[in-house]
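Notes follow once the structure below has been shown.
The values are calculated or read from the model by the stated rules, or taken from the named source; none is laboratory data. This one's a predicted model, so the numbers in the text were calculated from it and none came from an experiment. Neighbour counts are summed over all protein chains in view; Cβ atoms, including those assigned to glycine, are modelled from backbone coordinates with ideal geometry.
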Amino acid sequence: MATGLDITAVIRSNVGPSSLAYEVIDKASMQAAPEAMFISLHGSSKLGVEIHYQSQETLGPDRLANALAAMALCEAPSIVVDCGTATKFEAVSKDVYYGGSIMPGIGMGAKALSQGTARLPEVALEIPKQVIGTDTSSAIQSGILFGHASAIDGMVSRLSLEMNATPKVFLTGGFASLVAPLCETRMQEVPTLTLDGIVEAGRRLGFR
């Protein structure tokens, strides 16, 4: 696996099975210099972040990466909305991570409807022409997509209230482009936000 790059550090941010993470690290180590540092991104005082999350050992590294990326992009209070397998919200300000919220993601919701009911089908995740569904498929699409967008708007509003601020909102994740046009909240979509956060972690840990 030749990359043509001199790898001097590997930062791991993994929420999947540990065996998969170590397999990736093993492949990276084959390309890295002998003195390369391997760092697991997790709650760490070395990152220079004040973390208010009470159970830091359960804080997903993807969530911390998103928070770090937001801090790098904006010194003012901000909220990250990550629309992936789960939809996650992170509330941050300059070098402070307050916490956030987690709810089922769009794909998970669609699957749960079809698997948890007797007669509802699994539908294509496409935006219907209107909110009022005129058949079962469009009714499900409306509920999942318009409903999810409304949930995002509502959660951002509630988080903003508790933060006592008008935060900048960043949007990322695999379903971000699908749900963004349906939200009333003004958001900046950053597809690479989680990866940007991992890079920011490396910068804070002294790697260039």
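Key figures
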item	result
Thr172 within 27 Å of Leu68 (Cα to Cα), of a type in the set (S, T, N, Q), in contact with a helix residue (DSSP H, G or I) (Cβ under 6 Å, 6 or more places away or on another chain) and surrounded by 18 or more Cβ atoms within 10 Å (Cβ to Cβ)	yes
Contacts under 9 angstrom Cβ, first residue in the stretch 178-198 being within 21 Å of Ile127 (Cα to Cα), partner basic (Lys, Arg), 6 or more apart	Arg186/Lys168; Met187/Lys168; Gln188/Lys168
The one condition in (1) surrounded by 14 or more Cβ atoms within 10 Å (Cβ to Cβ); (2) β-branched (Val, Ile, Thr); (3) under 15 Å from the mean Cα position of the chain (by Cα) that Thr192 fails to fulfil	(1)
Qualifying residue in the stretch 163-177 (condition: under 24 Å from Ile144 (Cα atoms), assigned to a helix (DSSP H, G or I) and either out of contact with any Phe, Trp or Tyr (no Cβ under 6 Å at 6 or more places or on another chain) or in contact (Cβ under 8 Å) with a residue 12 or more places away in the chain (or both))	yes
Leading residue by the ranking (surrounded by the fewest Cβ atoms within 10 Å (Cβ to Cβ)) among those in the stretch 75-128 that are of a type in the set (D, E, K, R) and not in a loop (DSSP other than H, G, I, E, B)	Lys111
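Matching residues to (1) within 17 Å of Ser93 (Cα to Cα); (2) over 24 Å from the mean Cα position of the chain (by Cα); (3) crowded, with 16+ Cβ neighbours inside 10 Å; (4) at pLDDT 95 or above:
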position	(1), (2), (3), (4)
Gln130	no, yes, no, yes
Thr134	no, yes, no, yes
Ile140	no, yes, yes, yes
Gly143	no, no, yes, yes
Phe146	no, no, yes, yes
Ala149	no, no, yes, yes
Ile152	no, no, yes, yes
Ser160	yes, no, yes, yes
Asn164	yes, no, no, yes
